[in-house]
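Colleague: Could you have a look at this structure, given as structure tokens, before my questions?
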């Protein structure tokens, strides 16, 4: 299903615009729909990552508010664990979308931020409309990288992860060995040094310690 849309520029009239906000959770997503601040949001809960259901609910909301199928649809969600695939998915179906940085969303510091999905989605809807009308500093929109650029990041992140793992592994191995009066000057060729290590009485490294040394 494709939802065709003609995008309005911020600041222009949004009378025919359908605003869609999505509050994401691990198992369920809460969708909120409205055409303006004076309309009570329509809310629906769907199974997380159920793509067709998301499109169906948007189409139903469009018909319910009396909009043509070609009416502009503008959406938003907090970019986080779902990454950027959802942004690309809805845009591919004609929906103008904003992935926003959760840490940069405007919050009233005098109030505790409620955690219910319902309030989250209504808050997102309100901010989406304010931003669409041209208000600044409501939130920070995440710049979505190209698929190829995002994929290239994995190589660098893998190197960083391995470096961090090595930094934490070295002291663990040295700690295990020191309890038996053993020490190695370098772990570059680990676990090869295990073969040459001997305890105080000349016996080899015990099997339990050896297994732990191989696992870390």
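None of the figures in this text is laboratory data; all of them are computed from the coordinates on show. All values reported here derive from a predicted model rather than from experimental measurement. Here Cβ is always computed from backbone atoms with ideal geometry, including for glycine, and neighbour counts include all displayed protein chains.
Colleague: What length, rounded to one decimal in nm, is gained on full extension from residue 28 through to residue 50, with 0.36 nm per residue of separation minus their alpha-carbon distance?
Modeller: Roughly 7.0 nm would be gained on extension.
Colleague: At what distance in nm do the modelled label points of residue 176 and residue 89 sit from each other, each positioned 7 Å from its Cα along Cα→Cβ?
Modeller: So the label points at residue 176 and residue 89 sit 4.2 nm apart.
Colleague: With a point put 7 Å past each Cα toward its Cβ, work out how far residue 212 is from residue 101 in nm, to one decimal.
Modeller: The modelled label-to-label distance comes out at 4.4 nm.
Colleague: Here's another thing I want to ask about it. Only Cα pairs under 8 Å and at least 6 apart count here; give the relative contact order of the range 18-132 as a rounded whole percent.
Modeller: 32
Colleague: Using Cβ contacts closer than 10 Å as the measure, can you line up 74, 147 from fewest to most?
Modeller: 147, 74
Colleague: Sticking with this one: How much length, in nm to one decimal, is gained on full extension between residue 65 and residue 189, taken as 0.36 nm per residue of separation minus their Cα-Cα distance?
Modeller: 37.9 nm
Colleague: Turning to a different aspect of this structure: Classify the range 150-215: rounded, prolate or oblate, from the alpha-carbon gyration tensor (a ≥ b ≥ c, eigenvalue square roots; a/c under 1.5 rounded; otherwise prolate if a/b is larger than b/c)?
Modeller: Taking the square roots of the gyration eigenvalues as a ≥ b ≥ c, the range 150-215 is prolate.
Colleague: A further question on this structure: Which of the peptides 196-202, 120-126 is most tightly packed, and how do the rest follow, judged by the mean count of other Cβ atoms within 10 Å per residue?
Modeller: 120-126, 196-202
Colleague: With contacts defined as alpha carbon pairs under 8 Å and 6 or more residues apart, what's the relative contact order of the range 150-215 in percent?
Modeller: 23
Colleague: For a protection proxy built on the mean count of beta-carbon atoms within 10 angstrom, sort 82-88, 17-23 highest first, please.
Modeller: Order by mean packing, descending: 17-23, 82-88.
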